[in-house]
1. If I fit a long axis through the Cα atoms of helix 45-61 and take the longest principal axis of the Cα atoms of the chain, what angle between them do I get, 0 to 90°, rounded to 10?
2. For Cα pairs less than 8 Å apart in space and 6+ apart in sequence, what is the mean separation divided by the residue count of the chain, i.e. the relative contact order in percent?
3. Could you list 205, 141, 230 so that the one with the fewest beta carbons within 10 Å of its beta carbon is first and the one with the most is last?
4. Could you tell me the calculated FRET efficiency between residue 220 and residue 133, based on Cβ-Cβ distance and R0 = 30 angstrom, to the nearest 0.05?
5. Is it possible to state the helix-based mean residue ellipticity at 222 nm for the chain, with each DSSP H run of 4+ residues giving -39500 (n - 2.57), the sum divided by total residues, to the nearest 500 deg cm²/dmol? What is it?
6. Any idea what angle helix 101-116 forms with the longest principal axis of the chain, computed on alpha-carbon atoms, 0 to 90 degrees, nearest 10?
7. Tell me, what is the FRET efficiency for residue 124 and residue 66 to the nearest 0.05, using R0 = 22 angstrom and their Cβ-Cβ distance as r?
8. Would you report the distance distribution of C-alpha pairs in the stretch 47-244 as whole percents per 10 angstrom bin, up to the bin with the largest distance?
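What follows draws every value from the coordinates through simple rules; no lab data is involved. Predicted, not measured: the structure shown is a model, and the values here were computed from it. Backbone-built Cβ (ideal geometry, glycine too); neighbour counts: all protein chains shown.
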């Protein structure tokens, strides 16, 4: 994180180039991941495609798992878009020096790590329904306030809340998803969820559209639109879930 901040001062694109290089290098490792347990079956590209198709089919045949996957997609995709595309530029607009960005992100990560320890207790205290509502409400409010925040320290405070809420959502997504996935199929189905997130649900497209919107409409308008969209879709999905089952 600290290195990325200093690279940003040299060229704003360099942290993303470095990130892309690491992602490319990691593909070789990802391709070796398979289901746990020994198997005599030879894995080819066709086998991977078949397994992915079965995993996606399992998700679509599980009402609860499909809902969880789509809800957390809505709850996270705009947050991810902001974090990946606009967060550093937003910090710079408040007058903060890019050399401190790495420290800010490290602080966010540290708070998230500590907060993760208490996620289970918070979820048990709130229950599933209220936990999911909290995720949506916090994101909507933080997006709305960030849209009009011009103070650097205020934005740092909001980013800590923002990133902590994302971590809370990530951990609950894993917890709720795993309740509906057989252990022997977990790796494949979680890969299928990731594929849906970035593919069929349009994650990659949403991130691109977010960046395009920032360029055309500006950061403030984009954040307001994101806040309203998450509010509308999040509450619609929650109402649908708790009226149905």
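1. The answer is roughly 80 degrees.
2. Relative contact order for the chain comes out at 35 percent.
3. So the residues, fewest neighbours to most, are 205, 141, 230.
4. Working: r = 26 Å, r/R0 = 0.86.
Here the calculated transfer efficiency is 0.70.
5. After summing the helix terms and dividing by residue count, I get -27000 deg cm²/dmol.
6. Rounded to the nearest ten degrees, it is 50.
7. Efficiency computed from Cβ-Cβ geometry: 0.30.
8. 8, 33, 36, 19, 5, 0
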